[in-house]
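Down below is the structure, laid out as structure tokens.
The values are calculated or read from the model by the stated rules, or taken from the named source; none is laboratory data. Just so it is clear, the model here is predicted, and its values are computed rather than measured. Positions of Cβ are generated from backbone atoms using ideal geometry, with glycine treated the same way; all protein chains shown enter the neighbour counts. Protein only, heavy atoms only, side chains kept; ligands, DNA and RNA dropped before computing areas. Shrake-Rupley method; radii C 1.70, N 1.55, O 1.52, S 1.80 Å.
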Amino acid sequence: MAHPTIVTLTGTGVPHPAPGRAGAGVLIRHGEVALQFDAGRGTVLRLSEAGCEPHALTAQFVTHVHSDHIIDLADVAMTRWIQQQLHPCGPLVVVAPEHTAARYVRRMFDVFDDDIATRTANVQPGPPEVELIEFTPTSHPEVVWISLDGEVTVEAVAVHHEPAEAVAYRVTTPTAVVVVSGDTVVCEEVERLSVGADLLVHEACRTTAFAELIAGTRLETVFSYHADTVPLGGLAERAGVEHLLLTHLIPPPADETDEAAFESDVRSGGYTGRVTIGRDLTEVVIDRSSVATTPSPEAEVDDHDWRAPYETVLDPGREAHLGIWRDEADDISRAFFTWDVPVLSRECEEAIATGTRTDVIGLDLTNITDLLIPGYLPLETGMARTPTGALSVAVLTQWPGTTPEMIDWWFGWHIAATERYKLWHPQAHSFTQPRYDLSGVADLTDRQRYIGNTSWVDEYIGFLPSRLAITFHEPADIGLGGDDLEVAGYGTVVCAVVTDSDHGHELSRLIHAVRRTEAGCEMRSRFIFGPEIPDLIGPLMLDHCWTEMTHLAGFLPELHARLA
Ligand SMILES: [Zn+2]
Ligand SMILES: [Zn+2]
């Protein structure tokens, strides 16, 4: 379902206080995703007034470390921490440029050490946690964060607020492109970043109007590293920005006449689009459905209307058990179910002992097409974090005597019944049900049976009992499509979004890319978890995946020969 994108100013002020203007901050929401940019004075209150308290934030971004942009960052993090008692939400993900900004984030709890010790001793289960995602700012935009469902992307670019190091961000959702300038002079980097944006939230300083008044004063220096409203109008016009929202207003307008002066500045600079002079809690709702991003897998399922008559309901009170009881057994389970699974390979043992690697970068959706490069990547079995902090688990398995077609057949066949699913990992799989039960529908391809369908599964991932919804989608949705795959030797790619079937929140993306080999085929699996998922999940996932795939590879050719 396409959600509107909602942009809310949590503060329009500057270091000098002005009534009604909190410190710098912009909140951008799309569905469940809530991103806060900067956290100046009063941010937590404004977030609360906007209906999005710190526990509901998906990630916090920092543009630079002038105090008016970060003075309440610790407040956001510590409020979230205290709110954990009522709203479990995990560490606060903070995305910040390296050097000064990242350094600030690392140290921001230091002066609260006594308070943290007291609270931890009393009620809090542990100290406040921040998951810092550090990046190197560049003069060309680079992706620094992607939501777990792949729908929301944030890019950053270095801007000019010297001597401070600062960045601007561009947020792309399925319904809007929004740019947040942070503090900067009018510059080419923001202009390029803003091309075609629905909304440009830009800092604004009436430099031209006040030039004479401030000449020779210290204010002249301050004005020199902020965005002059007149050339800003030209920038917004050239970039084709639909709507310009001014914030971080210098000088803070006291009334509508003052606000009108900001607008006439940008008009004199040539801007013809819509202008809003920001006030605290100004809200802009954008719903442009044509923004090109990865289609959501849910939307895709809805497209396949023909499946609707076969939709089933998952019983939340269902019972599940490992193994196949006597009255559940049929010829297939009698022939193919066996408790024993292959012993983990030495390569897997070593990868687990090594833990999450820091010498390699894990694949995520931004570089998943690296799978098309001939040969192997530095990480084929093991765990690493991606540049955005996501946990990426890689597993390579060998399938002698198996064809990619057999693997498509397996995915189309096994999702229909628990007894089939149990063959795959007898020590971990306890239940499955397809959202659309297509087992009675004739004349479908194997891929039609699983792509666009959801496989509800109950299983153990290591020691963790998990109730999951695995929604399969076309590999082309993540850039793995068409001739490229064929050329690279792939016979099929199985892609899915994995959510928690009880609560619906997304847990990971999975990709099983199946490449032909002389002996049959090999499967290059990737599981991409959000940054909030701890490292300990990595080895559990690796063990589970290697074991089930290697076990299945041992009997799939024979099973396929018997049934397909
Ligand atoms: Zn600044
Ligand atoms: Zn500032």
If you go through the range 488-511 one residue at a time, do you hit one that is surrounded by fewer than 17 Cβ atoms within 10 Å (Cβ to Cβ), more than 28 Å from Ala56 (Cα to Cα) and in contact (Cβ under 8 Å) with a residue 24 or more places away in the chain? yes
Determine if the range 186-193 includes at least one residue that is buried (at least 21 other Cβ atoms within 10 Å of the Cβ) and within 30 Å of Gly504 (Cα to Cα). no
Given the options Ala18, Ala59, name the one that is touching a residue at least 60 places away in the same chain (Cβ under 8 Å), more than 16 Å from ligand 2 (Cβ to nearest atom) and either of a type in the set (D, E, K, R) or in the same structural domain as Val180 (by TED's automatic domain parsing) (or both). Ala59
Take residues that are over 34 Å from the mean Cα position of the chain (by Cα) and either within 16 Å of ligand 1 (Cβ to nearest atom) or buried (at least 16 other Cβ atoms within 10 Å of the Cβ) (or both) and tell me which of the strands (runs of 3 or more DSSP E) falling wholly in the range 213-293 contain 1 or more. 243-250
Of all residues in the range 353-387, which are within 17 Å of the chain's Cα centre (by Cα) and open to solvent by less than 50 Å² (accessible area, probe 1.4 Å)? Gly362, Leu363, Asp364, Leu365, Asn367, Ile368, Ala384, Thr386
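Can you go through Ala96, Ala101, Ala18 and tell me which one is small (Gly, Ala, Ser) and under 21 Å from the mean Cα position of the chain (by Cα)?
Working: Ala101 fails: under 21 Å from the mean Cα position of the chain (by Cα); Ala18 fails: under 21 Å from the mean Cα position of the chain (by Cα).
On inspection, the qualifying residue turns out to be Ala96.
In the range 1-30, which residue that is of a type in the set (Gly, Ala, Ser) and under 21 Å from His243 (Cβ atoms) is most open to solvent (accessible area, probe 1.4 Å)?
Per the criteria, the residue is Ala2.
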Residue match in the range 450-459 (condition: within 28 Å of Ser439 (Cβ to Cβ), among the aromatic types (Phe, Trp, Tyr) and touching a helix residue (DSSP H, G or I) at 6+ places or on another chain (Cβ under 8 Å)): yes
Checking Thr418 against (1) farther than 24 Å from Val457 by Cα; (2) among the hydroxyl-bearing types (Ser, Thr, Tyr); (3) surrounded by fewer than 22 Cβ atoms within 10 Å (Cβ to Cβ), which single condition isn't satisfied? (1)
Looking only at the range 87-102, count how many residues are open to solvent by less than 20 Å² (accessible area, probe 1.4 Å) and either in the same structural domain as Pro534 (by TED's automatic domain parsing) or touching a residue at least 40 places away in the same chain (Cβ under 8 Å) (or both). 4
Of everything in the range 38-52, what is under 22 Å from Val65 (Cβ atoms) and surrounded by fewer than 24 Cβ atoms within 10 Å (Cβ to Cβ)? Give them in sequence order. Arg41, Gly42, Val44, Leu45
Taking the range 53-68 as the search range and keeping residues that are assigned to a helix (DSSP H, G or I) and open to solvent by less than 20 Å² (accessible area, probe 1.4 Å), which one is farthest from Pro534 (Cα to Cα)? Asp68
Hits in the range 180-196 - residues which are within 13 Å of ligand 1 (Cβ to nearest atom) and of a type outside the set (D, E, K, R): Ser181, Gly182, Thr184, Val185
Unique match (being in contact with a helix residue (DSSP H, G or I) (Cβ under 7 Å, 6 or more places away or on another chain) and assigned to a strand (DSSP E or B)) among Leu27, Leu47: Leu27
Taking the range 173-190 as the region of interest, how many residues are modelled with pLDDT of 95 or more and either within 16 Å of ligand 2 (Cβ to nearest atom) or under 15 Å from the mean Cα position of the chain (by Cα) (or both)? 9
Being more than 16 Å from ligand 2 (Cβ to nearest atom), outside any helix (DSSP H, G or I) and at negative phi is the filter here, so list the residues in the range 191-212 that pass it. Ser194, Val195, Ala197, Asp198, Leu199, Leu200
The lone condition Gly530 fails out of (1) open to solvent by less than 10 Å² (accessible area, probe 1.4 Å); (2) modelled with pLDDT of 95 or more is (2)
Just give me the residues in the range 69-86 being surrounded by 23 or more Cβ atoms within 10 Å (Cβ to Cβ), touching a residue at least 40 places away in the same chain (Cβ under 8 Å) and within 16 Å of ligand 1 (Cβ to nearest atom), in sequence order. His69, Asp72
Out of everything in the range 145-158 that is open to solvent by 10 Å² or more (accessible area, probe 1.4 Å) and more than 15 Å from Val33 (Cβ to Cβ), what residue ends up being farthest from ligand 2 (Cβ to nearest atom)? Glu155
Is there a residue being in contact with a helix residue (DSSP H, G or I) (Cβ under 8 Å, 6 or more places away or on another chain), open to solvent by 10 Å² or more (accessible area, probe 1.4 Å) and within 16 Å of ligand 1 (Cβ to nearest atom) anywhere in the range 162-175? yes
